[in-house]
1. Checking B:Arg110 against (1) modelled with pLDDT of 70 or more; (2) under 25 Å from A:Thr51 (Cα atoms), which single condition isn't satisfied?
2. Go through the range B:43-71 and count every residue that is open to solvent by less than 20 Å² (accessible area, probe 1.4 Å) and either within 13 Å of the chain's Cα centre (by Cα) or not small (Gly, Ala, Ser) (or both).
3. What number of residues within the range B:158-183 satisfy the criterion of being facing another protein chain (nearest Cβ under 9 Å) and either of a type in the set (S, T, N, Q) or open to solvent by less than 20 Å² (accessible area, probe 1.4 Å) (or both)?
Amino acid sequence: MSSRRPRQSGTSSRITDDQIIDLVSKLRQLVPEIRNRRSDKVPASKVLQETCNYIRNLHREVDDLSERLSQLLATIDAESAEASIIRSLITQ
Amino acid sequence: MRNPSLIKEEFLKRWIIALRRCTSLKKNMNILERNKVVKLSADLAMASARNGTTSWSRALIANATRDNDNRILAEQILGPESEILVKRVSTMPFKTCNRRKIRSKRILKRSCSSAIRRVRKTVPRKVLANCIAKRLIQKRTHILKSLVPGGEFMDETTLMEETLDYIAYLRVQVDVMRSCTYC
């Protein structure tokens, strides 16, 4: 579905097919959803969509993890082994 | 691309140093402050591990130090190298709210959609599909630009390279934070 017509206008603001192929081959190792499809059948818009979703998920996970970690630090129990590990790491 | 375990090591080292700097400065933080500290130190550790070599890392540091509330905290986290890093990012363009651009885009969109409705009866399906595909790519590129820090000012090629680098570093950040939280 990706446009295979050669672009006569040559605008630098459009993503070229080569860039898409390059991006797909690299993203295949990183983004799980694209791994299962063959590269010639993945349209550019789908690649972009999966990338955006993946980045959004990673952001959400970072927020979630930092919240949990800060709660963990706040409720440090003196006897807990994990808490003392973390505490020894971050306080000096 | 760099070895992920090397990146992990680098990130973890910087993050721990950053957290130590924060906790030594302020002993009793409430939960919101602590949350902000943890997140900010993780983001800045990730960005500084790149040492200003990539655009997204410079943009991340720039955004953190521009906001007046976070500026002092960010500089404390970055420590002695903050001066060098801040100088390097001070040339980054400022993210401005382009309301006028958005309004004119909406007007253009409305006129385009009515034109497309007229054209749809006469134009072959393949051309139309290409047009829609192009529109989708444009729209999604725009979204990607808003997700990657500093993306709005990049051209397409740079955006792709920066995205790949940014994703690799985000994964490292998530892995390290996850193993810290669920140890």
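1. (2)
2. The total comes to 11.
3. 12
This table checks each residue for (1) facing chain B (nearest Cβ under 7 Å); (2) over 20 Å from B:Arg178 (Cα atoms); (3) modelled with pLDDT of 85 or more; (4) open to solvent by 50 Å² or more (accessible area, probe 1.4 Å).
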{"position": "A:Glu33", "(1), (2), (3), (4)": "no, yes, no, yes"}
{"position": "A:Ser45", "(1), (2), (3), (4)": "yes, yes, no, no"}
{"position": "A:Gln49", "(1), (2), (3), (4)": "yes, yes, yes, yes"}
{"position": "A:Asn57", "(1), (2), (3), (4)": "no, no, yes, yes"}
{"position": "A:Asp64", "(1), (2), (3), (4)": "no, no, yes, yes"}
{"position": "A:Leu69", "(1), (2), (3), (4)": "yes, no, no, no"}
{"position": "A:Leu72", "(1), (2), (3), (4)": "yes, no, no, yes"}
{"position": "A:Ser80", "(1), (2), (3), (4)": "no, no, no, no"}
{"position": "A:Ala83", "(1), (2), (3), (4)": "no, no, no, no"}
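The values are calculated or read from the model by the stated rules, or taken from the named source; none is laboratory data. In this text the structure is predicted, and so the values were computed from the model without any measurement. When we count neighbours, we look across all protein chains shown, and the Cβ atoms used for this are built from the backbone with ideal geometry, even at glycine. Just so you know, the surface numbers come from the protein's heavy atoms only, side chains and all, with ligands and any DNA or RNA stripped out. Shrake-Rupley method; radii C 1.70, N 1.55, O 1.52, S 1.80 Å.
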